[in-house]
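Engineer: This is the structure I want to talk about, given as structure tokens.
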Amino acid sequence: MKNKIDVLDYATHILKETKKGIIVTTKSNDKVNAMSISWGTLGIEWNKNIFIIFIRENRCTKSMLEETKEFCVNIPTSDIDRNIIKVCGTKSGYDTDKIKELNLTLEEPNIISVPSIKELPLTLECKVIYKQKQDDSQIPDAIKKSFYPQDVDSSFYGSNKDYHIAYYGEIVDSYIIE
């Protein structure tokens, strides 16, 4: 069962959980990928509720988003096994089925094609309505040095030279899975 919510009633909870790590799911054909994020924001733009995710250029999630233009944001409502966040943030969807490895339960979506994860029950179904690649000339040098070092292998977890693309997802449905 899914209990519909007004996403703005949960704004503080969503942002606090995002800082700790949440999961974004994407889908391409029959493949579902789960990726941890801790950079995201909830807001209103164009009179629409929006969740913006920031995805590095080399990620499997990025290629899926480019194809389907849809994603789910999966947020815990209580304490969860933090290993879910760790595995989804350290393993690549290119070569790992993280859903299967973690024995996660997929929940059919209401509006989009991307399923959510029952174990992280607060769900935002999103359709990409805008995207923007970061302009590295506008990023302060101290941030570039910390988050985009150019002297590391791009596949190294946590320290990549790839910049992010901001995907603005219109929240088309929001609910808590019971």
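Engineer: Looking at segment 69-83, which of its residues are at pLDDT 95 or above, open to solvent by less than 40 Å² (accessible area, probe 1.4 Å) and not acidic (Asp, Glu)?
Structural biologist: First, pick out the residues of segment 69-83 that are at pLDDT 95 or above: 69-77.
Restricting the remaining residues to those that are open to solvent by less than 40 Å² (accessible area, probe 1.4 Å) gives 70-76.
Within segment 69-83, 71, 72, 73, 74, 75, 76 meet the criteria.
Engineer: Let me spell it out: the conditions are (1) at pLDDT 95 or above; (2) open to solvent by 70 Å² or more (accessible area, probe 1.4 Å); (3) in contact with a strand residue (DSSP E or B) (Cβ under 7 Å, 6 or more places away or on another chain), and residue 103 meets all of them except one. Which number is the exception?
Structural biologist: Of (1) at pLDDT 95 or above; (2) open to solvent by 70 Å² or more (accessible area, probe 1.4 Å); (3) in contact with a strand residue (DSSP E or B) (Cβ under 7 Å, 6 or more places away or on another chain), only one is false for residue 103: (3).
Engineer: For residues that are without any contact (Cβ under 8 Å) to a residue 24 or more places away in the chain and outside any helix (DSSP H, G or I), scanning just segment 1-30, find the one that is most open to solvent (accessible area, probe 1.4 Å). Show your work before the answer.
Structural biologist: Of all residues in segment 1-30, those without any contact (Cβ under 8 Å) to a residue 24 or more places away in the chain come to 9, 12, 16, 19, 29-30.
With the extra rule that they be outside any helix (DSSP H, G or I), the set shrinks to 29-30.
Values: 29: 125, 30: 148 Å².
This residue is 30.
Engineer: Of a type in the set (Ser, Thr, Tyr), under 16 Å from the mean Cα position of the chain (by Cα) and open to solvent by less than 50 Å² (accessible area, probe 1.4 Å): which single residue out of 96, 123 fits that description?
Structural biologist: Details: 96 fails: under 16 Å from the mean Cα position of the chain (by Cα).
On inspection, the qualifying residue turns out to be 123.
The values are calculated or read from the model by the stated rules, or taken from the named source; none is laboratory data. It should be emphasised that the depicted structure is a prediction, and the values quoted were computed from it without experimental measurement. No Cβ is skipped: glycine too gets one built from the backbone with ideal geometry, and neighbour counts run over all protein chains shown. Heavy atoms of the whole protein, side chains included, go into the accessibility calculation; ligands, DNA and RNA do not. Shrake-Rupley method; radii C 1.70, N 1.55, O 1.52, S 1.80 Å.
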